[in-house]
Each structure stands twice: as structure tokens, then as C-alpha cells.
1. Anything in region 8-24 that is under 24 Å from Pro66 (Cβ atoms) and out of contact with any helix residue (DSSP H, G or I) (no Cβ under 7 Å at 6 or more places or on another chain)? List them, or say none.
2. Has region 35-58 got at least one residue that is at pLDDT below 95, surrounded by 14 or more Cβ atoms within 10 Å (Cβ to Cβ) and assigned to a loop (DSSP other than H, G, I, E, B)?
3. What is the residue count in region 97-108 for residues that are under 14 Å from Ala135 (Cα atoms) and either of a type in the set (Val, Ile, Thr) or under 31 Å from the mean Cα position of the chain (by Cα) (or both)?
4. Of everything in region 68-92, what is of a type in the set (D, E, K, R) and under 19 Å from Gly106 (Cβ atoms)? Give them in sequence order.
5. Which one is surrounded by the most Cβ atoms within 10 Å (Cβ to Cβ), of the residues in region 75-109 that are in a strand (DSSP E or B) and β-branched (Val, Ile, Thr)?
6. Restricting to region 1-24, give me the number of residues that are loosely packed, with under 15 Cβ neighbours inside 10 Å and part of a helix (DSSP H, G or I).
7. Starting from region 30-51, take each residue that is in the same structural domain as Glu18 (by TED's automatic domain parsing) and list its partners that are outside any helix (DSSP H, G or I) and of a type in the set (Asp, Glu), counting only C-beta distances under 9 angstrom and pairs at least six apart or across chains.
8. Mind listing whichever residues of region 119-148 are at pLDDT below 90 and either in contact with a helix residue (DSSP H, G or I) (Cβ under 6 Å, 6 or more places away or on another chain) or among the charged types (D, E, K, R) (or both)?
Amino acid sequence: MQSWVLWLIVAGILGAAELMTATLDLLLFAVAALAAAGMAGLGLGIGLQLLAFAVTAATMVALVRPIARKHLMAYPQLRTGVAALIGREALVLTPCGREPGRVKIGGEEWSARSYDPDLLIPAGTRVDVFAIEGATALVHPQEDPWPN
């Protein structure tokens, strides 16, 4: 049997083992075995095949593994509760300014104040939620009003 076939078998076994363990490590070695199979396919000797395997495996473990682990182990940034409301769009139901008014955020009515206390936001204006203080949303118009 030719050596490149043996390297492909090794790569296949490592790939199958990776599917069972899901550790990412065996996949890196399977890629290194594919590199060695490529060298064998070019007709190079066993010493260069082993060297290609070793160099590729070391490179994959040193460079690819830390980056892949960081991405695989990172948890998605999920905002829940009132933190999920920040950045959402709302509709002003009653005017908001220094004194609280009412806004509709995702189907729920909230008390709201203008983020800029000197700004009076009229009813019907689309606003963005900048912050939540207690049960009051601090909002700002999506488009700044132009003075007349």
C-alpha cells in the first residue's frame, strides 16, 4: 500500500475520533496527516512526510488552536431584563421632557423621560431608549428636531 493512502487513513481515523470527542485537537492532527499525505503524494520520502506532519501539527496547535478555542468558548452576549431594552426603538404616547410621559417599547407601555431634560419630545415621535432608571426609560428622538 502506498504511504499517501496510509496518511489518508490516519487522517480519516483522526477526523472520526474528532467527531466523537469534539475537542478540536484531533482535527488539527488530521489536517497535519493530510499535509503528510500531500508530501507522500509528491513522492517525497518518509522523513519529509514525518517532518511535514510535525511542522503542520506544531503550527496548527500553536497558531490555530488558541484562536479557535477563544471563539468556541466565548458565550454569546445576551442582554436580558431591562438591559435588553437599551437601544430599542420606542414610540412616544404622551409628551416626554423633564416630566415623565409614556412610551411604547415592544408592545409594552413604559413611563419615560427625555434623556436631555431641556428637550420636550412630542407624542408620535420615534425615539431610542438610551437608559433605564428604575421603571423609567430615558429616551432621545431618533432625529434631532431642527429649530424653526
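The values are calculated or read from the model by the stated rules, or taken from the named source; none is laboratory data. As the structure is a computational prediction, the values presented were derived from the model and not from experiment. Positions of Cβ are generated from backbone atoms using ideal geometry, with glycine treated the same way; all protein chains shown enter the neighbour counts.
1. So the first thing to find is which residues in region 8-24 are under 24 Å from Pro66 (Cβ atoms), and the list is 11, 14-15, 17-24.
If the condition is that a residue be under 24 Å from Pro66 (Cβ atoms) and out of contact with any helix residue (DSSP H, G or I) (no Cβ under 7 Å at 6 or more places or on another chain), then Leu19, Met20, Thr21, Ala22, Thr23 are the ones that fit.
2. Within region 35-58, one or more residues are at pLDDT below 95, surrounded by 14 or more Cβ atoms within 10 Å (Cβ to Cβ) and assigned to a loop (DSSP other than H, G, I, E, B).
3. Matching residues across region 97-108 total 4.
4. Applying the first criterion (of a type in the set (D, E, K, R)) to region 68-92 yields 69-70, 79, 88-89.
Within region 68-92, Arg79, Arg88, Glu89 meet the criteria.
5. Looking only at region 75-109, we keep the residues that are in a strand (DSSP E or B), and these are 89-94, 96, 101-105, 108-109.
Next, from what is left, pick out any that are β-branched (Val, Ile, Thr): 92, 94, 103, 105.
Details: Val92: 21, Thr94: 15, Val103: 27, Ile105: 18.
Taking the candidates together, the pick is Val103.
6. So the count comes out to 8.
7. Going by the 9 Å Cβ cut-off, there are no qualifying pairs.
8. Of everything in region 119-148, those that are at pLDDT below 90 and either in contact with a helix residue (DSSP H, G or I) (Cβ under 6 Å, 6 or more places away or on another chain) or among the charged types (D, E, K, R) (or both) turn out to be Glu143, Asp144.
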